[in-house]
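The structure appears right after this line, and notes come after that.
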Amino acid sequence: MKVIIADDSKVMRNIIQNAMRPMGTEIIQAGSGQEVFEQLEIHGGKVGAIFMDWNMPGMTGLECLKLLKKNEKYKDIPVLMISTESEDDKVSIAREAGAKGYLTKPFTNEELIKFINSSI
Amino acid sequence: MLNRIIAIDCSPPVINVLNDFLGDTITLESLSFKNIRELKDCRMIILQEGDEKPDLLKQIRKLRYACHFRNIPIIVFRTMENKGSMEPFITAGATEVISLQDPPAAIRQILSGHLIPNRQPLKEETEYIDSFVKNTCAVLKTVASLDVSFEEVYFDNDFKIFGDVSGLIALTGGAEGILGITFYWPLAQTIIARMMGTDEDKINAELIHDGVAEIVNMIGGTTKKDFVGQPYHFEISLPSVIVGSGHQLGHSDKMPIAVLVFRADSQYFAVQICLKPDPNGKTNGK
Amino acid sequence: MKEISDSLFNYGYSVSTAMDMRGVLSSLSSDVIELILCDNKLSDVSGYDLLHFLKNDPLREKIPFIFCVPLHDQGSAKKAFKDGATDFIVYPIEPGDMAARIGEICPPPKKDNNESAPQPDPEIDYSATQMVKITNNDEERRDAKRAALLRILKIEISRNGILWIPGQIKNISAKGMFIKTSMLGKAGVELYVRVSLPSGISVVKGSIKHITFKNLNVSEDAGIGVEIEKSAEWVDYLKYIKSHLQKGSTPAIPQKVQEAPQTMKNAERTLFLTRGNDDSDEENNADKNKGASLEKRFYQSLIGKQLNNYKVVSFIGAGAMGGVFKGWDIALERTVALKVISFELAAQDKFREMFIKEARFISQLDHPNIASIYHIGNENQILYFAMEYIEGASMAELIKKGDKLYSIKGLDYLITICEALDLVSQKNIIHRDLKPANIMINSQDIVKLVDFGVAITVDVGEKNKEGIVGSPFYISPEAIQGLPMDHRSDIYSLGASFYHAFTGFAPFEGDSAEEVLLKHLNEELTPLRKKNPAISTALGKVIEKMMAKEPDNRFQDYQALVKLLKSLKSKAAKFQKIKNATLIFRIKRKPS
Ligand SMILES: [Mg+2]
């Protein structure tokens, strides 16, 4: 299975990637919303899940999520938000837009692994 | 109260000026740079410019570093007739550059001003400072398993940065202001390595810049959650990274800038906040 | 020295000359200088000072610096080298030897016959400093020119439009620029770039394309590539740079903010001119500016401190006698205004007394429209007092904002101030510095009179030895002349302040404080209606009478003035009611 990790922070992408290493999934990194679409194009949409940051330059994670849900090809890919946006109303906005899960930063490694396991 | 002033390699004219106004309550210790051991209980550091001191800027930088982000004024006395810009001294970490030719009354008042003790936060300032303190400790504990203790807070009206790498984030929408975190290189490297679960030598400048930005992002993000429904609630923007030391990022007469000093083992870092509450915001408890 | 510059010229160098440090700095900013040859004595500073200065300037420290000193007065080579000099040449010296030593550091360009290097100006026959610049051919010269131009084009960048950090353009194209700066970020983030044009400061918007830095924690050579959004400002800026590259001239170093001429700024401030010593030659001005900077630095040192029971929270402004801060009283738990005496005045007993006297005056004036005083204190030789804090704006700020003060509200302010000043005059006190900046209006719309810093009692006023005290825009003729003063001087200044408030113009304007002062003495006042037709003749007349040149021709006391103003107000209020209009003081005649 392939998974996209979208976050503008390379450190954060690597942290998430490290946590997933034991699961043997193929990781694709994306630094922005635009890159998510580029990577989906390259991989023909065959992606099992997208871990999505909210605050990214250019297209934000939320905008990207909304566009994905509107897109016939990609609307069924589960999107899991991982973000510092942590207020309740932010979480519900993302949920309403179609996010399947939500993890707020900061998180411990255990919390991350638990989140990953419960969502894929 | 700390009443020790250290005069480093100062000539008799400077020492005389200091003795003239300091009185009995304050002890003046005259030292040479290489004999400085401890800045802990020091109220003020005095240096003197001179022809034979090519290392003065380097000394200022070292002293500023040794102050561990605390608000210890470093005053440079100039004795040379012709003066270039005082900018290099300020950039290196000096608080004030005074000329021996300046009116004695001015010298006395400026030094007196710097000797007055720092104030503690106002009640309304405590409201937001407490949250930032709590969340700074929590974020570093969570992501890097780092135990961090809050040391002290003081206020400034310049947004100055002395450190190697800083993450800066603008606070907008509702309350407005700026949040910054500043590290010296070794601590930043340690923290990012621990965050990523790898060795420190694998951490390069790019990762440090990136990681410091992400840390300030997380501190801002968790803190704004605490302020939901209050005038201090804000939104965060994308972080910037400032490299190097001695930057003066802005000046605010109206809103003081709170400088929070933290310690992690034997290393220190600072969080700076300038936060103007939303004038139309709901008050605490509605 | 002419021989040296001529001989270097013959060896293929092009040479700029300068007599003093200023000349050196201006050449450095307008030309590509590759090497500096300097005597140990310039006409303003010593060669060592210049060297020291340049070596501390990050943009110039790399330019090789050669001392060239006369045999009989060599100075110290050791000191020169220690400060960063590259070589130390003693003359007289054979031109060939000189060229060889310079050539070691900075080889001459190949001689090109088609190229006529610029001739050194034959008028300048003696020069203490010589700078060698090298030009090979047209193209290289253009590149060098470009590099020189870019080197001085300082800009500022910001993410939020509030905090700005300096940057330097390293390269520029129609698409954007590469900026050397300490503020990095991430590709894609948006930012603002503040550039300087002859017409003023422009802000263009862009986004980071790429970031470069050495693998070090220092800002050396760090920078960002920024793509700039197309905008009229950006097109203007590109044009501006292009025109300078073509002309081959360099623009003046961009200014940061355009400030009002110093003299006019002074006209808004309170003057302290001592009679017999009011010549303001350049040196005096420089001293004053330096004093102001020291004063400001003193005030800065107090921010974030605690004076006895008072926390110093933020800086509000500088007044006639000292700096004013917002403070917090930890004992009584309330916000206060802290007034701290300026160092210049603190050093003189006369002014310390005056400062304490101000506190005493205010404490006598128990009136709801006069800011009251709470405490006077002295900590670490810093004299200060705590007084009522007024949350609001001064009338000066309202005027600046363009608030329409020619309204019933404005008239109300005037009446209230007159009533407060009535009490002041009964105590035989003259404020002496009435001006819009000293009339505060708080958030409940209540007017408060502040700053009795230069107030005196009438009997002292008769001696009046201090010379001119007051703000040029609002000062009374008798104050300017140093004549005995009484409360009618305050009536004049109050009239002038409300002239400004009602019309939006100060009664007399000019390019300098002196000019304004002369007009107070000699020029007839322009009727208010000429400046603002919305003001009724009757109200205009009141202000004009307040501002009569002769105190005897003004209102003689506040009671008469208040009575008249109140009747005007009730008329205006009636009219407003009928017409349901916002307020026009002037009652228009009905067209018949
Ligand atoms: Mg992010």
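The values are calculated or read from the model by the stated rules, or taken from the named source; none is laboratory data. Please read all numbers here as calculations on a predicted model, not as lab measurements. So basically every Cβ, Gly included, is an ideal-geometry build from the backbone, and we count neighbours across all protein chains shown.
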- Task: Search the range A:86-98 for residues being assigned to a helix (DSSP H, G or I) and either within 16 Å of the ligand (Cβ to nearest atom) or without any contact (Cβ under 8 Å) to a residue 24 or more places away in the chain (or both), and hand back the single one that is farthest from the other protein chains (Cβ to nearest Cβ).
- Result: A:GLU96
- Query: When the range B:156-178 is examined, which residues are found to be more than 11 Å from chain C (Cβ to nearest Cβ) and either touching a helix residue (DSSP H, G or I) at 6+ places or on another chain (Cβ under 7 Å) or of a type in the set (A, V, I, L, M, F, W, C) (or both)?
  - Reply: B:PHE162, B:ALA175
- Task: Within the range C:301-323, work out how many residues are more than 9 Å from chain B (Cβ to nearest Cβ), at pLDDT below 90 and out of contact with any Phe, Trp or Tyr (no Cβ under 6 Å at 6 or more places or on another chain).
- Result: 4
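Matching residues to (1) modelled with pLDDT under 95; (2) crowded, with 18+ Cβ neighbours inside 10 Å:
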residue	(1), (2)
B:ARG64	yes, yes
B:MET86	yes, no
B:VAL97	yes, yes
B:GLN101	yes, no
B:GLY113	yes, yes
B:ASN135	no, yes
B:GLU151	no, no
- Report the residue count in the range B:179-191 for those that are more than 11 Å from every other protein chain (Cβ to nearest Cβ), of a type in the set (A, V, I, L, M, F, W, C) and farther than 12 Å from B:PHE132 by Cβ. 1
- Taking C:ASN380 as meeting all but one of (1) away from chain B (no Cβ under 14 Å); (2) farther than 30 Å from C:ALA538 by Cα, write down the number of the exception. (1)
- Which residue, of B:LYS141, B:LYS123, is basic (Lys, Arg) and more than 13 Å from chain C (Cβ to nearest Cβ)? B:LYS141
- Output for the range C:407-455, where each listed residue is among the β-branched types (Val, Ile, Thr) and not in a helix (DSSP H, G or I): C:ILE429, C:ILE430, C:ILE439, C:ILE441, C:ILE446, C:VAL447, C:VAL450, C:VAL454
- Message: If I ask for residues that are within 22 Å of C:PRO484 (Cα to Cα) and not charged (D, E, K, R), which ones from the range C:522-558 would you list?
- Response: C:ASN522, C:MET546, C:MET547, C:ALA548, C:PRO551, C:ASN553, C:PHE555, C:GLN556, C:TYR558
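Where in the range B:29-125 are there strands (runs of 3 or more DSSP E), lying fully within it, with 3 or more residues that are under 21 Å from the mean Cα position of the chain (by Cα) and closer than 30 Å to B:PRO186 by Cα?
Details: elements: B:42-48, B:74-78, B:96-99.
Hits in the range B:29-125: B:42-48, B:74-78.
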- Do you know which residues across the range B:197-210 are in contact with a helix residue (DSSP H, G or I) (Cβ under 8 Å, 6 or more places away or on another chain) and either under 19 Å from C:ARG159 (Cβ atoms) or away from the ligand (no atom under 16 Å from the Cβ) (or both)? B:GLY197, B:ASP199, B:GLU200, B:LYS202, B:ILE203, B:ILE208, B:ASP210
- Hey, does the range C:182-198 have a residue that's of a type in the set (Ser, Thr, Tyr) and surrounded by fewer than 21 Cβ atoms within 10 Å (Cβ to Cβ)? yes
- Any idea which of C:LYS62, C:LYS79 is modelled with pLDDT under 75 and under 22 Å from C:VAL24 (Cβ atoms)? C:LYS62
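Is it fair to say A:ILE116 is more than 24 Å from B:ASN135 (Cα to Cα), buried (at least 19 other Cβ atoms within 10 Å of the Cβ) and away from the ligand (no atom under 16 Å from the Cβ)? I'd like the intermediate steps shown before the answer.
Numbers: more than 24 Å from B:ASN135 (Cα to Cα): yes; buried (at least 19 other Cβ atoms within 10 Å of the Cβ): yes; away from the ligand (no atom under 16 Å from the Cβ): yes.
Spelling it out, A:ILE116 is indeed more than 24 Å from B:ASN135 (Cα to Cα), buried (at least 19 other Cβ atoms within 10 Å of the Cβ) and away from the ligand (no atom under 16 Å from the Cβ).
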- Message: Return the residues of the range A:17-32 that are in contact with a helix residue (DSSP H, G or I) (Cβ under 7 Å, 6 or more places away or on another chain) and either modelled with pLDDT of 95 or more or more than 10 Å from every other protein chain (Cβ to nearest Cβ) (or both); say none if nothing qualifies.
- Response: A:MET20, A:ILE27, A:ILE28, A:GLN29, A:ALA30
